[in-house]
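Report on one structure; see the data block that follows.
The values are calculated or read from the model by the stated rules, or taken from the named source; none is laboratory data. None of these values were measured; they are calculated from a predicted model. As a convention, Cβ positions derive from the backbone with ideal geometry for all residues, glycine included, and neighbour counts pool all protein chains shown. Ligands, DNA and RNA are excluded from the accessible area calculation, which covers all protein heavy atoms including side chains. Shrake-Rupley method; radii C 1.70, N 1.55, O 1.52, S 1.80 Å.
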Amino acid sequence: MAEVNKDLVIDTLRKVRGPDLEGDLISRNMVSDVFIADGKVYFSISVPSERAEELEPMRQAAERAVKAIPGVKGALVTLTADRKAGAAAATKPATVPPQSPGNSHAGHSHAGHSHAGHSHGAQGGRAQKAGVPGVGAIIAVASGKGGVGKSTTAVNLALGLMANGLKVGLLDADIYGPSVPRLLKISGRPKQIDNRIIVPMENYGLKSMSIGYLVDEDAAMIWRGPMVQSAILQMLREVAWGELDVLIVDMPPGTGDAQLTMAQQVPLAGAVIVSTPQDLALIDARKGIAMFKKVEVPLLGIIENMSYFLAPDTGKRYDIFGHGGARAEAERIGVPFLGEVPLTMEIREKSDAGTPVVVADPDGAAAEMYKGIARQVWEQLAGRRARPAPSIVFE
């Protein structure tokens, strides 16, 4: 049996008629980049936002056609709303606000992009971001650069929130360097419900989703922006998260396409910035802080990771990367300082082993530290929710 490939899928989609039976999905440029993993095919179809419900049969036809390809084990096809989708504005005027200059990528407007069934609405010329059913709050854990321990922090923060009695999920949005499968010691592929909704993987009672569950660990992710955006939004919206108090999103480092997709299209309740104390890390962290401020995502606080080193034999403290830089930065910009996490052998070894300290040694000093940070994050979020503020919106 021939291996399923992208060209075969595209050729099949050339036989699926476009809106109003005019042309086909490929000639009308309505199909996103195609992602194939373990015999399952993932892609989205761009349609005018106000016609999403009406064009659901077209999505189903595309899904049936791809599933019929020999060797295809399943297909996940979603509708995404785009102001200029397939030149199909046709008979009805588009209601999605015009895209801002520099805010589009490969014909897909960042600001006018939604999944079917999630209405964007409009309030005073501003579109409201679609939430995730059942999820109370979405919190981004971000850093300006890689190598600062962001993923380890995100996992232990999620487990710390769980230890404080909350229902928590974790989304690994780092497409190019997914760490969550190893940090949670999870292997295997996630199951699908009716070949559409993905069942999240689970360990330690924490539901999680990562591109690392869909591709081999050693696979090189050579993806362009639109494909990354589509994968992140599908992992967010096409997953059976169930009822959660909070969903932690382990963001990719930096301020590129993936970060902007999350910040602009997802109703983030807040962001936590992770940095090490040294000046170089803080310079990059400031870029992340500026990005969240620009898209009006509240900053819940800054964590100084690898704040100091504790020698395992003597317990002596060494300020390898300097000390106090993140605290000073938090005070300078007026956001909460959530705490200092030391660089210890215990945290590193347990992270590498896939047994995070919050579950491996729940009464230990490191676990108590993360649980304390989790309490502060939740208190910050609860305090913001108590204010008579409108829903987070974007231009």
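Odds and ends about this structure:
- Flag for GLN380 being open to solvent by 50 Å² or more (accessible area, probe 1.4 Å), touching a strand residue (DSSP E or B) at 6+ places or on another chain (Cβ under 6 Å) and either at pLDDT 75 or above or under 22 Å from GLY160 (Cα atoms) (or both): yes
- Given (1) in contact (Cβ under 8 Å) with a residue 40 or more places away in the chain; (2) part of a helix (DSSP H, G or I); (3) within 25 Å of LEU299 (Cα to Cα), index of the condition SER351 fails: (3)
- Yes/no for ARG59 being within 24 Å of ILE232 (Cβ to Cβ) and at pLDDT 85 or above: yes
- One residue stands out in region 24-36 among those that are touching a residue at least 40 places away in the same chain (Cβ under 8 Å) and in a loop (DSSP other than H, G, I, E, B): the one that is nearest to SER46 (Cα to Cα), namely MET30.
- Residue in region 299-327 that is nearest to the chain's Cα centre (by Cα), counting only those that are surrounded by 13 or more Cβ atoms within 10 Å (Cβ to Cβ) and outside any strand (DSSP E or B): ALA326
- Some residue of region 113-126 being surrounded by fewer than 22 Cβ atoms within 10 Å (Cβ to Cβ), at pLDDT 85 or above and touching an Asp or Glu at 6+ places or on another chain (Cβ under 9 Å): no
- Total residues in region 361-375, condition part of a helix (DSSP H, G or I) and surrounded by fewer than 18 Cβ atoms within 10 Å (Cβ to Cβ): 4
- In region 176-194, the residues that are in contact (Cβ under 8 Å) with a residue 12 or more places away in the chain form Cβ pairs under 6 Å with partners that are surrounded by 20 or more Cβ atoms within 10 Å (Cβ to Cβ) and aliphatic (A, V, I, L, M), at six or more places apart or across chains, as follows: PRO178/ILE211; LEU183/VAL155; ILE186/MET201; PRO190/ILE198; PRO190/MET201; GLN192/ILE198.
- For region 191-208, the set of residues classified as surrounded by fewer than 19 Cβ atoms within 10 Å (Cβ to Cβ) and part of a loop (DSSP other than H, G, I, E, B) consists of LYS191, ASP194, ASN195, ARG196, VAL199, TYR204, GLY205, listed by residue number.
- Residue match in region 5-20 (condition: under 26 Å from TYR213 (Cβ atoms) and assigned to a loop (DSSP other than H, G, I, E, B)): yes
- The residues on offer are ASP33, ASP7, and the sole one that is loosely packed, with under 14 Cβ neighbours inside 10 Å and not aromatic (Phe, Trp, Tyr) is ASP7.
- Consider region 330-348 and keep the residues that are outside any strand (DSSP E or B) and among the acidic types (Asp, Glu). The one that is least open to solvent (accessible area, probe 1.4 Å) is GLU346.
- On the stretch given as region 38-69, residues that are among the small types (Gly, Ala, Ser) and open to solvent by less than 10 Å² (accessible area, probe 1.4 Å) total 3.
- In region 160-177, the residues that are open to solvent by less than 50 Å² (accessible area, probe 1.4 Å), under 23 Å from LEU260 (Cα atoms) and not hydrophobic (A, V, I, L, M, F, W, C): GLY169, ASP172, ASP174, GLY177
- Taking each residue of region 53-72 that is in contact (Cβ under 8 Å) with a residue 12 or more places away in the chain and looking for partners that are surrounded by fewer than 17 Cβ atoms within 10 Å (Cβ to Cβ) and aliphatic (A, V, I, L, M) with beta-carbon atoms closer than 9 Å, six or more apart or interchain, yields PRO70/MET1; PRO70/ALA2; GLY71/MET1; GLY71/ALA2.
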